[in-house]
Amino acid sequence: KGSCNGKLDDLLSAFTDITYSSQTPMGRHFLFHLQPSDEDKAWLQSTKEVFEDATEQIKAFDINLFPHGKPVLADVHQKGVDDCNAMSVLADMAFLYPDFIKSIIHKEAADSFRVDMFDPDGKPIVVCVSNRFPVREGGYPIFCVGEDDSYNWISIMEKAAMKWIKVYNHINSISGCNAEMITPMFTGDGRSFCIQPGRLDSKAL
């Protein structure tokens, strides 16, 4: 009761899943997680990456976070990481709330970026990443990129999410991140609901 300030109360009977949890503002998917060690916390705040031991070549790139002045859908092109759900919901967030995306990503230096995130208890944390990316032979990107295979804000958020997952480990990899799992990392709010196809008529939609 009271979902979306009561604005959707008439649709409650159609809900097939609700992720609200009384134990954490991040939602029930964040109830089971590892407690990070001091070493883990230091790693999150460093620019060391998940792929440090990658067999692919790792290169540093000049990164223009917002080539269009703000996040746009054209910035998001999935490449070699199997994380279409995670990238699509981040693209959706950027389309709806571009100023929010801009407010949580900070360029610290030419080779380092800071992303404001939340831990599984809903407490603010900082995750740092570098301007380095593994690339396939021929220089083809593996991480999500924008137009002309240029790295931008989505590339940084993808890496930050991967670091978050490695430390807190509430799922196996970013490939399993759906909307209800990826958005709370960045918003601190895991209250969401699901309505399966066929549950609503055209009027309700």
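The values are calculated or read from the model by the stated rules, or taken from the named source; none is laboratory data. Quick caveat, the model's predicted, so the values are computed rather than measured. Backbone-built Cβ (ideal geometry, glycine too); neighbour counts: all protein chains shown. These area figures cover heavy atoms from the full protein model, side chains too; ligands, DNA and RNA do not enter into them. Shrake-Rupley method; radii C 1.70, N 1.55, O 1.52, S 1.80 Å.
From the set of residues in region 99-140 that are of a type in the set (Ser, Thr, Tyr) and in contact (Cβ under 8 Å) with a residue 60 or more places away in the chain, which is nearest to Lys166 (Cα to Cα)? Spell out the reasoning first.
Quick first cut of region 99-140, residues of a type in the set (Ser, Thr, Tyr) only: 103, 112, 130, 140.
When the remaining residues are screened for being in contact (Cβ under 8 Å) with a residue 60 or more places away in the chain, the result is 112, 130, 140.
On the way: Ser112: 19, Ser130: 16, Tyr140: 25 Å.
Among residues in region 99-140 that are of a type in the set (Ser, Thr, Tyr) and in contact (Cβ under 8 Å) with a residue 60 or more places away in the chain, the one nearest to Lys166 (Cα to Cα) is Ser130.
Being β-branched (Val, Ile, Thr) and part of a loop (DSSP other than H, G, I, E, B) is the filter here; which residues of region 162-198 pass it? Before you say what the answer is, go through the steps one by one.
Of the residues in region 162-198, the ones β-branched (Val, Ile, Thr) are 165, 167, 171, 174, 182-183, 187, 195.
Passing the criteria: Ile171, Ile195.
Taking region 132-184 only, how many residues are of a type in the set (A, V, I, L, M), surrounded by fewer than 18 Cβ atoms within 10 Å (Cβ to Cβ) and more than 14 Å from the chain's Cα centre (by Cα)?
Step one: of region 132-184, the residues of a type in the set (A, V, I, L, M) are 135, 142, 145, 154, 156-157, 160-162, 165, 167, 171, 174, 179, 181-182.
Cutting the leftovers down to surrounded by fewer than 18 Cβ atoms within 10 Å (Cβ to Cβ) gives us 142, 171, 179.
If we keep only those that are more than 14 Å from the chain's Cα centre (by Cα) too, we end up with 142.
Matching residues across region 132-184 total 1.
Hey, can you tell me all the residues within region 105-124 that are out of contact with any His (no Cβ under 8 Å at 6 or more places or on another chain) and surrounded by fewer than 19 Cβ atoms within 10 Å (Cβ to Cβ)?
Answer for region 105-124, where residues must be out of contact with any His (no Cβ under 8 Å at 6 or more places or on another chain) and surrounded by fewer than 19 Cβ atoms within 10 Å (Cβ to Cβ): His106, Lys107, Glu108, Ala109, Ala110, Asp111, Ser112, Asp121, Gly122, Lys123, Pro124.
Strands (runs of 3 or more DSSP E) wholly in region 52-139 with at least 3 residues that are among the polar types (S, T, N, Q) - which ones? Spell out how you get there, then give the answer.
On the way: elements: 57-60, 105-109, 112-118, 124-130, 132-135.
Where strands (runs of 3 or more DSSP E) fall fully within region 52-139, none carries at least 3 residues being among the polar types (S, T, N, Q).
Report, by residue number, each residue of region 12-68 that is in contact (Cβ under 8 Å) with a residue 40 or more places away in the chain, of a type in the set (A, V, I, L, M) and open to solvent by less than 50 Å² (accessible area, probe 1.4 Å).
Those that are in contact (Cβ under 8 Å) with a residue 40 or more places away in the chain, of a type in the set (A, V, I, L, M) and open to solvent by less than 50 Å² (accessible area, probe 1.4 Å): Ala14, Met26, Leu44, Ala54, Ile63, Leu65.
Which numbered condition trips up Gly198, out of (1) on the phi > 0 side of the Ramachandran plot; (2) open to solvent by less than 30 Å² (accessible area, probe 1.4 Å); (3) not charged (D, E, K, R)?
(2)
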